[in-house]
Amino acid sequence: MQLTWVLRLTLVFTLLVILMGAYTRLSDAGLGCPDWPGCYGHIKVPTQDHEIAHAQTIFPDHDIHPEKAWLEMIHRYIAGGLGLLVLFILVLCLKTPEAPKKLPLIIVLLILFQAALGMWTVTMKLMPIVVMSHLIGGFSLISLLLLLYLRTRPRRIFNSETHARNLAPLALVSLFVLVGQIMLGAWTSSNYAALACTSLPICEGNWVDNLAIAEAFSPFQGQHHSFEFGVLDYPARMTIHIAHRIGAVVTASLLLVLAYRLFVGAAGMRALSLLLVGLVILQVSLGISNVVMHLPLGIAVSHNGGAALLLLTLVAINYFLWRKA
């Protein structure tokens with residue numbers, strides 16, 4: 001029982017870290033503190049005159065913005081708390097005979113790697129491939145935590161029906177497609193391409209002739225003093241943005257098909273199928289709102305949260321369909 005409640009708390013905490021990370025990134029506060037793990041050589045944001053003077057001496061090329069620095073440090077404090085919760089979960093699993101052992105150890109290793117990616121995000125000045133990896137690591141962490149939570153719950157058999165079992169391959173394909181779309185979204189965000197197109201349904205102008213696929217999806221973009229606000233030319237950013245939009249159409253269509261098949265073919269999973277439909281509609285609406293309203297902060301952060309909830313729903317669906325009764 002204690003393990004179950006700690007896992008629930010950790011899932012909520014992980015979602016909070018994902019949302020706070022999105023808020024920090026979208027507020028252009030990713031380099032609010034140019035060093036790691038402290039901030040301008042302090043364990044907190046320098047606010048006193050002598051602290052600011054010392055910080056300016058150490059980092060003469062940086063302008064100190066306390067509000068952005070606090071966003072970055074709060075994100076780090078929350079992430080540190082999440083790390084402690086994950087370690088506590090590992091201890092509980094090791095002490096509980098029937099609890100899984102390998103999965104919590106993998107989660108601990110993942111969060112350690114996430115900490116390294118967080119450091120590299122700062123020290124490599126928001127290099128897109130590092131930022132994207134950090135985002136995907138957060139989504140992977142919350143997915144594994146949900147999987148661990150489901151494995152500690154009493155078993156409820158959803159897959160006894162033949163029709164439900166036959167939907168397992170479709171659910172797995174849907175999960176992989178959604179992961180690919182989340183990666184496209186992370187690449188769009190890390191390259192500051194969210195506003196590369198401001199019209200619907202695709203992009204303004206003769207966009208087909210301006211596609212730059214090789215440049216858009218090159219993982220390494222050369223040496224730069226900083227990658228903040230992006231270094232790619234407009235055609236490359238536009239290509240990334242269009243790829244994300246096309247991916248959204250494909251992903252939403254596939255997930256709606258899966259939801260329909262689950263609703264008519266697996267009576268025990270109708271609640272999950274309806275949840276999936278609702279999240280798809282919400283996520284598409286948030287994506288359109290980001291374009292029409294030019295990326296308002298609240299909606300953009302909610303779009304990240306919607307992606308996380310969609311992923312968790314697909315993980316749960318696959319767990320129930322694939323596990324052996």
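The values are calculated or read from the model by the stated rules, or taken from the named source; none is laboratory data. Fair warning: this is a prediction, and the values are worked out from it, not measured in the lab. Every residue, glycine as well, gets a Cβ built from its backbone with ideal geometry; the counts of neighbours run over all protein chains shown. Remember, those area values only see protein heavy atoms, side chains included, never the ligands or the DNA or RNA. Shrake-Rupley method; radii C 1.70, N 1.55, O 1.52, S 1.80 Å.
Odds and ends about this structure:
- Label sites at Leu94 and Met119, each approximated as a point 7 angstrom past Cα along Cα to Cβ, lie 2.2 nm apart.
- Candidate residues His50, His225: accessible-area rank, largest first, probe 1.4 Å: His225, His50
- Per residue value of the accessible surface for the stretch 39-101 (all protein chains in place, 1.4 Å probe), Å²: 59 Å²
- Comparing Glu67, Glu98, Glu204 in a Gaussian network model of the chain, where Cα atoms under 10 Å apart are tied by springs, the biggest mean-square fluctuation is seen for Glu98.
- Within the accessible area of the stretch 92-138 (1.4 Å probe), percent carbon and sulfur: 78 percent
- Near the amide H of Cys39, within less than 5 Å, lie the amide hydrogens of Lys44, all on another chain or at least 5 residues away, with H placed in the peptide plane.
- Where only DSSP H runs of four or more residues are counted, the chain gives -24000 deg cm²/dmol as its mean residue ellipticity at 222 nm, each run worth -39500 (n - 2.57).
- Ranked by the mean number of other Cβ atoms within 10 Å per residue, highest first, peptides 2-10, 34-42, 237-245 order as 237-245, 34-42, 2-10.
- For the chain, the Cys residues with no second cysteine's beta carbon closer than 4.7 Å are Cys93.
- In this Cβ point-charge picture (+1 for Lys and Arg, -1 for Asp and Glu), the chain has a dipole of about 1980 debye about its Cα centre.
- Evaluated with a Cβ-only charge set (Lys, Arg +1; Asp, Glu -1), the stretch 1-135 carries a dipole of roughly 720 debye about its Cα centre, given to the nearest 20.
- Stretch gain in nm, segment Thr57-Val108, where the contour uses 0.36 nm per residue and the Cα spacing is subtracted: 14.6 nm
- Lys/Arg +1, Asp/Glu -1 at C-beta; the stretch 1-63 dipole; positive extreme among Pro60, His50, Ser27: Ser27
- Cα centroid separation, the stretch 250-325 to the stretch 30-57 (Å): 41 Å
- Accessible surface calculations at 1.4 Å, restricted to protein heavy atoms, place the stretch 224-299 at 48 Å² per residue.
- Straight-distance candidates among the lysines for linking to Lys68, with alpha-carbon spacing under 22 Å and chain neighbours fewer than 8 residues away dropped: Lys44, Lys125.
- For Lys44, the solvent-accessible surface with a 1.4 Å probe is about 80 Å², rounded to the nearest 10.
- Residue-span extension gain [Phe220 to Tyr319] - 0.36 nm each, minus C-alpha spacing: 32.1 nm
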